[in-house]
1. I want to verify a result. In a Gaussian network model of the chain, Cα cutoff 10 Å, which of these has the top mean-square fluctuation: Val41, Val93, Val25?
2. At 1.4 Å probe size, with every protein chain present, just tell me what the per residue accessible area of the chain comes to in Å².
3. Let me make sure I get this right: for the chain, a, b and c are the square roots of the gyration tensor eigenvalues over alpha carbons, sorted descending. Under 1.5 in a/c it's rounded, otherwise prolate if a/b > b/c, else oblate. Which is it?
4. Going by the alpha-carbon gyration tensor, a ≥ b ≥ c the square roots of its eigenvalues, is region 29-88 rounded (a/c under 1.5) or, if a/c is not under 1.5, prolate (a/b greater than b/c) versus oblate?
5. Reachable lysines from Lys91, Cα under 21 Å, same-chain residues fewer than 8 places away excluded?
6. Could you pull out every one of the aspartates and glutamates with an alpha carbon less than 16 Å from that of Lys89, ignoring same-chain neighbours closer than 8 positions?
7. Taking all protein chains as present, what is the carbon and sulfur share of the accessible area of the chain, in % to the nearest whole number, probe 1.4 Å?
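The values are calculated or read from the model by the stated rules, or taken from the named source; none is laboratory data. On a predicted model such as this, the values are computed, not experimentally measured, just so you know. The area values use the complete protein model at the heavy-atom level, side chains included, leaving out ligands, DNA and RNA. Shrake-Rupley method; radii C 1.70, N 1.55, O 1.52, S 1.80 Å.
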Amino acid sequence: MRYMMIVLLEFYPSWLALPREQRRVHAENLQTIIASYKDRVEVRFFDAEALPGKDYTDFVTCETEDMESYHYMWEAIRDSEPYTRGYMKIKNVIMGMENAFESYEKRVLGMDERV
């Protein structure tokens, strides 16, 4: 089953107070973590603070069939400097399963594929 998570993040003013060069180094380190899971977790990053939104400045979409790898990726991110130094926080996660009803119909109810 394929899962989709929308991870709402908040980057704090302490992040913005860092020189852009230092933010880039931190961002590259985060990208390295994400890249190590790229064969199991598809990740896209969106900046949202200039748009309407409550309690988040950015969000990340993650798609995977491997929830363990998704979890491990976020554990590694939570161990990273931007997280441990309090520059950012996960505010919420919205999660869903792609076409889960079809799996239920097929596997539990024994219904044929849709026509």
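1. Of Val41, Val93, Val25, the Gaussian network model singles out Val25 as fluctuating most.
2. Accessible surface, normalised per residue, equals 71 Å².
3. Working: a/c = 3.18, a/b = 2.12, b/c = 1.50.
Cα axes put the chain in the prolate bin.
4. oblate
5. Those lysines meeting the cut-off are Lys54.
6. Counting by Cα, and skipping residues close in sequence, Lys89 has these aspartates and glutamates nearby: Glu10, Asp47, Glu49, Asp55, Asp58, Glu75, Asp79, Glu81.
7. 51
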